[in-house]
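Okay, so here's the structure we're looking at.
Bear in mind that the values in this text are calculations on the coordinates, not laboratory data. Bear in mind that the values here come from a model prediction, so they are computed numbers and not experimental data. Here the Cβ is made from the backbone with ideal geometry for all residues, glycine too, and neighbour counts use every protein chain on show.
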C-alpha cells in the first residue's frame, strides 16, 4: 500500500493539468477578435466600475454577486491562469474571463440590469455587448 503513495499526488497533478488544458481550449474557442480586445482595453475602467457596481447591488442574486466578487479578486491578483508567454491567450485571458462572466450574469439577471449599471457612454455599452456577444 505505501509503495504506491506517489500515485495519489501524480493523479492529482494530472487532473489539474487536464482541467487547465480544458480551460485553455475553452478560452481559445471563445476569444474575441483583435478589435474586440482593443475595445476591452479601451473600456477597461468602465468595465471595472460596472463589475464593482453589479457586485454591490443587493437586488441581484447572491450567486451572481459572489461570482462578480471572485472575478474582481481574480483581476486584482498578479498571477494569471494563462501565463503571458502563451501567444494571444497570455494577454487576453482576463478579457475573455470577464466576457464569460458577464455573459453568465446577463443571462441570469437580464441585459437591462447591465445597462442600468453601465457607467460609460452608450457606444461603450454597445462595444461591451459586442465583445461579450450579448443581445442588443
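At full extension, residue 12 and residue 56 could sit 12.2 nm farther apart than now, given 0.36 nm per residue minus the alpha carbon distance. Multiplying the residue separation of residue 25 and residue 116 by 0.36 nm and subtracting their alpha-carbon distance yields 29.5 nm.
Put in line by how crowded their Cβ is, counting other Cβ atoms within 10 Å and starting with the fewest, 12, 79, 96 read 79, 12, 96.
Were the residues from residue 70 through residue 103 laid out at 0.36 nm apart, the gain over their Cα-Cα distance would be 10.3 nm. Label positions at residue 44 and residue 85, each projected 7 Å from the Cα along the C-beta direction, are separated by 2.3 nm.
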